[in-house]
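K.L.:
Take this structure first; my questions come after.
The values are calculated or read from the model by the stated rules, or taken from the named source; none is laboratory data. As the structure is a prediction and not an experimental result, all values here were calculated from the model. Reconstructed Cβ throughout: ideal geometry from the backbone, glycine too, with neighbour counts over all protein chains shown. Note: accessible area is taken over every heavy atom of the protein model, side chains too, but ligands, DNA and RNA are not part of it. Shrake-Rupley method; radii C 1.70, N 1.55, O 1.52, S 1.80 Å.
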Amino acid sequence: MSQSRAEMFAPEGVDLEHPNVARVYDYYLGGRANYAVDRVFGERALERYPFVAPAAKANRLFLHRVVRYLCKQGIRQFIDIGSGVPTMGSTHQVADEIVDDASCVYVDNEPVAVAHSRILLEEEDVTGKHDVLHADLREPDRLWKQIEDSGVIDPEQPVALLLIAVLHVTQPGPNGEDIGPQAVARFRELLPEGSYLVITHGTADDVPDKRKAEMAEFGKMYDKSATPVIWRPHGEIEEFFGDYELVEPGCTWTPLWHPEETGENAPVIEFDSPNDSVVWAGVGRKP
């Protein structure tokens, strides 16, 4: 078997013994920034739960649409936290298609994701306009300082903070408790007025009965990995937005959020019904 792109550019000390959520997600999207351990896990998951691949692709297409939408609202700065690896169109690539003055900072705590993002920016010769940080969303103030120090983002101007398929991955605190909600609340405080918070989150709430059972089993697979997941109900996901004003149509399934922003060459993802996408999405604006 030929080496994947990840194996060719593996950072020293990367964990090759356990599947990683960012690299497995890359596999679901058809990327090559993954290792054998990730592919084995991903193949086993897709064999048992084939809905995962179209759900992941629909989630990525939502990212593309929201970036286009926000560029048209005047947003020129993007912070993509838990950005993963550059597969199937990255945030800065979509923004650069719409405007010529966008800036993006990618943030991830997974070395392979960071390494590949840096390689992509270097290959495209856009380092300086966009940047990549190896950091952790569980430390909002420290991360915000790193973003400021990058010089790519003006902290006085509105930004779009993207948390795409991140918060359903458990964010353990010092005592093992999930501190994702606490971290997001702090980011809401740090964002300047006029900024946008973008969230997608896997959920078993209001999905078909068969899918609900599959998601429970699928979640158990991740419970045995280094990155367990949590499928929150809609109400808990919407609490992440606090007092931000939800952009119409509010929180909804990924395929239903502003479908008019779909790119001309975007792949068509077929679902029996929108809730088969199993990912709840929304965008909130800080007043």
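K.L.:
Count, please, the residues in the range 225-255 that happen to be over 19 Å from VAL169 (Cα atoms) and acidic (Asp, Glu).
P.N.:
3
K.L.:
Looking at the range 218-235, is at least one residue of a type in the set (D, E, K, R), within 18 Å of the chain's Cα centre (by Cα) and over 28 Å from LYS72 (Cβ atoms)? Full working, then the answer.
P.N.:
Restricting attention to the range 218-235, the residues satisfying the condition of being of a type in the set (D, E, K, R) are 220, 223-224, 232.
When the remaining residues are screened for being within 18 Å of the chain's Cα centre (by Cα), the result is 232.
Narrowing the set further to residues that are over 28 Å from LYS72 (Cβ atoms) leaves 232.
Checked against the condition, which is being of a type in the set (D, E, K, R), within 18 Å of the chain's Cα centre (by Cα) and over 28 Å from LYS72 (Cβ atoms), the range 218-235 yields at least one hit.
K.L.:
Next question, about the same structure. Which pairs do you get when a residue that is under 16 Å from VAL247 (Cα atoms), found in the range 145-166, comes within reach of a residue that is hydroxyl-bearing (Ser, Thr, Tyr) and in a loop (DSSP other than H, G, I, E, B), reach meaning Cβ atoms under 9 angstrom, with the pair 6+ apart or on two chains?
P.N.:
Pairs that qualify, where the first residue is under 16 Å from VAL247 (Cα atoms) and the partner is hydroxyl-bearing (Ser, Thr, Tyr) and in a loop (DSSP other than H, G, I, E, B), are PRO158/SER195; VAL159/SER195; ALA160/SER195; LEU161/SER195; LEU162/SER83.
K.L.:
Against the condition of a type in the set (S, T, N, Q) and in a loop (DSSP other than H, G, I, E, B), how does SER83 come out, does it pass? I'd like the intermediate steps shown before the answer.
P.N.:
Numbers: of a type in the set (S, T, N, Q): yes; in a loop (DSSP other than H, G, I, E, B): yes.
For SER83, the condition - of a type in the set (S, T, N, Q) and in a loop (DSSP other than H, G, I, E, B) - is met.
K.L.:
Please specify each residue of the range 76-90 satisfying the condition of being buried (at least 21 other Cβ atoms within 10 Å of the Cβ) and among the aliphatic types (A, V, I, L, M).
P.N.:
Across the range 76-90, the qualifying residues are ILE79, ILE81, VAL85.
K.L.:
Follow-up. If SER195 satisfies every condition in (1) touching a Gly at 6+ places or on another chain (Cβ under 9 Å); (2) under 15 Å from ILE79 (Cα atoms); (3) hydroxyl-bearing (Ser, Thr, Tyr) but one, which is the exception?
P.N.:
(1) is the only condition that SER195 fails.
K.L.:
OK, next. Would you mind finding the one in PHE241, PHE218, PHE271 that is closer than 17 Å to ALA55 by Cβ and outside any helix (DSSP H, G or I)?
P.N.:
On the way: PHE241 fails: closer than 17 Å to ALA55 by Cβ; PHE218 fails: outside any helix (DSSP H, G or I).
Unique residue meeting the criteria: PHE271.
K.L.:
Another question, if that's okay. Of all residues being touching a helix residue (DSSP H, G or I) at 6+ places or on another chain (Cβ under 9 Å) and more than 12 Å from GLY84 (Cβ to Cβ) in the range 99-114, which is surrounded by the most Cβ atoms within 10 Å (Cβ to Cβ)? Just the residue, please.
P.N.:
Only one residue fits best here, namely CYS104.
K.L.:
From the residues in the range 251-261 that are buried (at least 16 other Cβ atoms within 10 Å of the Cβ) and of a type outside the set (Ser, Thr, Tyr), which one is farthest from PRO274 (Cα to Cα)?
P.N.:
Restricting to residues being buried (at least 16 other Cβ atoms within 10 Å of the Cβ) and of a type outside the set (Ser, Thr, Tyr), the top hit is GLU261.
K.L.:
Could you figure out which of (1) buried (at least 20 other Cβ atoms within 10 Å of the Cβ); (2) among the aliphatic types (A, V, I, L, M); (3) modelled with pLDDT of 85 or more isn't true of ALA33?
P.N.:
Here ALA33 meets the rest and fails (3).
K.L.:
List every residue pair whose Cβ atoms sit under 8 Å apart, with the two residues 6 or more apart in sequence or on different chains, where the first one lies in the range 251-268 and is in a strand (DSSP E or B) and the second, anywhere, is open to solvent by 20 Å² or more (accessible area, probe 1.4 Å).
P.N.:
THR252/PRO274; THR252/TRP280; TRP253/PRO274; TRP253/ASN275; TRP253/TRP280
K.L.:
What is the residue count in the range 149-171 for residues that are exposed (fewer than 14 other Cβ atoms within 10 Å of the Cβ) and over 22 Å from VAL283 (Cα atoms)?
P.N.:
So the answer is 2.
K.L.:
Please find, within the range 1-15, the residue that is modelled with the lowest pLDDT out of those that are aliphatic (A, V, I, L, M) and surrounded by 13 or more Cβ atoms within 10 Å (Cβ to Cβ).
P.N.:
So in the range 1-15, the residues aliphatic (A, V, I, L, M) come out as 1, 6, 8, 10, 14.
Cutting the leftovers down to surrounded by 13 or more Cβ atoms within 10 Å (Cβ to Cβ) gives us 6, 10, 14.
On the way: ALA6: 48, ALA10: 54, VAL14: 61.
The residue in question is ALA6.
K.L.:
If a residue has to be closer than 22 Å to ASN20 by Cα and more than 20 Å from the chain's Cα centre (by Cα) to count, how many in the range 145-172 make the cut? Steps first, please.
P.N.:
At the first step, the residues of the range 145-172 found to be closer than 22 Å to ASN20 by Cα are 162-172.
The next check asks that each one be more than 20 Å from the chain's Cα centre (by Cα); those that pass are none.
Matching residues across the range 145-172 total 0.
K.L.:
Same structure again: Can you tell me which of (1) surrounded by 22 or more Cβ atoms within 10 Å (Cβ to Cβ); (2) within 23 Å of TRP253 (Cβ to Cβ); (3) modelled with pLDDT of 90 or more is the one ALA95 doesn't meet?
P.N.:
Single failed check for ALA95: (2).
K.L.:
Here are ARG48, ARG23: which of them is open to solvent by 90 Å² or more (accessible area, probe 1.4 Å) and modelled with pLDDT of 80 or more? Reasoning before the result, please.
P.N.:
Values: ARG23 fails: open to solvent by 90 Å² or more (accessible area, probe 1.4 Å).
On inspection, the qualifying residue turns out to be ARG48.
K.L.:
Out of the residues in the range 212-250 meeting the condition of being farther than 30 Å from LEU191 by Cα and without any contact (Cβ under 8 Å) to a residue 12 or more places away in the chain, tell me which one is least open to solvent (accessible area, probe 1.4 Å).
P.N.:
Looking at residues that are farther than 30 Å from LEU191 by Cα and without any contact (Cβ under 8 Å) to a residue 12 or more places away in the chain, I get ALA213.
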